[in-house]
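All remarks here apply to the structure that follows.
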């Protein structure tokens, strides 16, 4: 019986270090996994940074014995530190994502409000009735601002082969004050060539053709759409200017002044021709001085 108890004590003494050795590799694997996760999170939060986890180097493995408990305690502390950092970085990712979503919502809301405000400036109008062609003898009440590329000397073909030729065909009709024909030609050009740099020119001149044809409501719809659909177009600033003129003719002077403010704010480097005409347009709309 005595020998049996001594044997059990010896076996327990041998088994205890073995248990510590089995638990230590498990904790070390846990540390390695957490460090890899932490580095992945840090690369996501700080793509251009060089941030390393603020934890100590792993302790060199030593022989099992009285110091095994200290090594295990050190590994456990490193695990706790890594978990704390990982939670902090994860929270920062979530906060950044929340801020990004808030900014996107604000931009979308501002765009919607601007669209709604401009839509209120242009009430639906009945379909225009055919209007007789204005003769060239009728005086022009406003100075021409459009400065298109030099039209081709030859007559435009019945079916223009390029967007530029289609625009020039409509421009020649507008220049001869054949506004109804110009409106139809420019609509056909925009339908046939719905993209490219000439679309901004075509829609702007089409709006001007309706404005010169004493149809400011239709002109306002076309000019507003040209600015909204292609704000970077080469004639987006012109469309804003003539939208303000159309609103003035509709006796919506307050909205016209807001459009002129928008023109001044969005296009500080507008064409000189528009810059020269803007003060007179503001006076006509009775805008307050800035």
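The values are calculated or read from the model by the stated rules, or taken from the named source; none is laboratory data. Everything quoted here is computed from the prediction, not taken from an experiment. Backbone-built Cβ (ideal geometry, glycine too); neighbour counts: all protein chains shown.
Side notes on the structure shown:
- Scan of segment 159-177 for residues that are closer than 20 Å to residue 211 by Cβ and not in a helix (DSSP H, G or I), ordered by number: 176, 177
- Residue 109 vs. criteria exposed (fewer than 12 other Cβ atoms within 10 Å of the Cβ) and at pLDDT 80 or above: no
- Within segment 202-234, the set of residues being closer than 13 Å to residue 266 by Cα and crowded, with 24+ Cβ neighbours inside 10 Å comprises 227 only.
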